[in-house]
Amino acid sequence: MAGSAGRDAARLDAALWNYELFSASESTQVEGRAVTVDYGVTVGKSIGVLGLFALGFAVARLARGQRSHSRCGGCSCRRNWPRC
C-alpha cells in the first residue's frame, strides 16, 4: 500500500515537472531549405532557469565581496550603497 502511494506521488511529481507551459517554434533557412524547430517550455526548465539566475547572482555578490552588511555598520549602507 505504501509503495503504491510513493509511486503515485512520483508520477504526479514527474507530470508536474514535465508540464508544458507553452511551446515556441523557430524557423530558419539552412542551405536554401526552411527548417522549423519546436521548443517546449516546461515547469522544470523554468525552475532551472530561476535556479541558474540565483546562482549567478550569488556568485556575483561573492566576487564583489558583499557577503553581508557587517563591515559597513548594518543597514546604513543601503543609503550609501555605491560606496559600501
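The values are calculated or read from the model by the stated rules, or taken from the named source; none is laboratory data. Only a predicted model underlies this, so the values are computations on that prediction, with no experimental measurement involved. Cβ coordinates were reconstructed from backbone atoms using ideal geometry, including for glycine residues, and neighbour counts include every protein chain displayed.
Can you say whether Ala63 is surrounded by fewer than 10 Cβ atoms within 10 Å (Cβ to Cβ) and either of a type outside the set (S, T, N, Q) or at pLDDT 95 or above (or both), as far as the supplied structure shows?
yes
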Q: Output the residues belonging to the stretch 1-40 that are polar (S, T, N, Q), assigned to a helix (DSSP H, G or I) and either surrounded by 10 or more Cβ atoms within 10 Å (Cβ to Cβ) or at pLDDT 90 or above (or both).
A: none
